[in-house]
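Worksheet for the structure shown next.
The values are calculated or read from the model by the stated rules, or taken from the named source; none is laboratory data. Predicted, not measured: the structure shown is a model, and the values here were computed from it. Ideal geometry is used to build each Cβ from the backbone, glycine not excepted, and the neighbour counts take in all protein chains shown. Side chains are part of the model used for accessible areas, which takes the heavy atoms of the whole protein and leaves out ligands, DNA and RNA. Shrake-Rupley method; radii C 1.70, N 1.55, O 1.52, S 1.80 Å.
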Amino acid sequence: KQWYQRRVAITAGEPRYHLFNFNHDFEGEKIWKVVFIYSCPGYSVPVKQRMMYSSTKSCFLDSLAKMDIEIAAKREISEGEEVKEVDVYEMIHPQKHASRAHFIKPKAPSKGGRRLIRNNN
C-alpha cells in the first residue's frame, strides 16, 4: 500500500499504535525505517481509553526495543490527515542547516545618560 492509502487505518475512532515500514530513497540508496505513530482522535474517545493507551505507550516501545526493533521516528497525532510522507521523511532525515544564526545577547538596560543636578542657590 502507498502511504496515502494507510491514512484510512489511522483515522479509526479509537486510540491506536501504528508501526510502518517506511521505504524510501536516501542519497541514492533504497532503505526502510520503522516509524511509530500513536493516534488518538481527541475528545471523542472516553478518558479511560485515552489514558490507557497513553500510559502503556512506553511499555509498548520498551517491548519493541527488547525485540531489537529500532524505531527511527515517533509521532503522536489526533487525525490521519496530519501524517504526510514528507513530514516522516524529514523526521528520519532532518535537514542540516549550514549556517545557524547565533544568539546575540542584548545590551543590559541602562539608566540613560549622566544627569547633572544644579543647585539654584
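If a residue has to be of a type in the set (S, T, N, Q) and either touching a Lys or Arg at 6+ places or on another chain (Cβ under 7 Å) or modelled with pLDDT under 70 (or both) to count, how many in region 94-118 make the cut? Don't jump to the end; show me each part of the working.
Filtering region 94-118 for residues of a type in the set (S, T, N, Q) gives 95, 99, 110.
Okay, now just the ones that are also either touching a Lys or Arg at 6+ places or on another chain (Cβ under 7 Å) or modelled with pLDDT under 70 (or both), so 99.
Matching residues across region 94-118 total 1.
Restricting the first member to region 35-60 and to residues that are under 24 Å from ASP87 (Cα atoms) and at pLDDT 85 or above, and the second to residues that are among the aliphatic types (A, V, I, L, M) and open to solvent by less than 60 Å² (accessible area, probe 1.4 Å), the beta-carbon pairs closer than 6 Å and six or more apart or on different chains are VAL35/ALA73; VAL35/VAL88; PHE36/ILE71.
Screening ILE71 on (1) aliphatic (A, V, I, L, M); (2) modelled with pLDDT under 85; (3) touching a strand residue (DSSP E or B) at 6+ places or on another chain (Cβ under 7 Å) shows it passes everything except condition (2). Once region 1-25 is narrowed to residues that are open to solvent by 60 Å² or more (accessible area, probe 1.4 Å) and modelled with pLDDT of 80 or more, the residue that is nearest to TYR43 (Cα to Cα) is GLU14.
Taking the criterion of being among the β-branched types (Val, Ile, Thr) and open to solvent by less than 80 Å² (accessible area, probe 1.4 Å), the residues of region 40-73 that qualify are VAL45, THR56, ILE69, ILE71.
Answer yes if at least one residue in region 59-75 is of a type in the set (Val, Ile, Thr) and either more than 28 Å from GLY13 (Cβ to Cβ) or under 18 Å from the mean Cα position of the chain (by Cα) (or both), and no otherwise. Taking every residue of region 59-75 in turn, at least one turns out to be of a type in the set (Val, Ile, Thr) and either more than 28 Å from GLY13 (Cβ to Cβ) or under 18 Å from the mean Cα position of the chain (by Cα) (or both).
Tell me whether region 15-31 contains one or more residues that are among the hydroxyl-bearing types (Ser, Thr, Tyr), farther than 17 Å from ILE92 by Cβ and without any contact (Cβ under 8 Å) to a residue 12 or more places away in the chain.
Quick first cut of region 15-31, residues among the hydroxyl-bearing types (Ser, Thr, Tyr) only: 17.
Subsequent filtering for residues that are farther than 17 Å from ILE92 by Cβ retains 17.
Filter again for without any contact (Cβ under 8 Å) to a residue 12 or more places away in the chain, leaving none.
Scanning region 15-31, I find no residue that is among the hydroxyl-bearing types (Ser, Thr, Tyr), farther than 17 Å from ILE92 by Cβ and without any contact (Cβ under 8 Å) to a residue 12 or more places away in the chain, so the answer is no.
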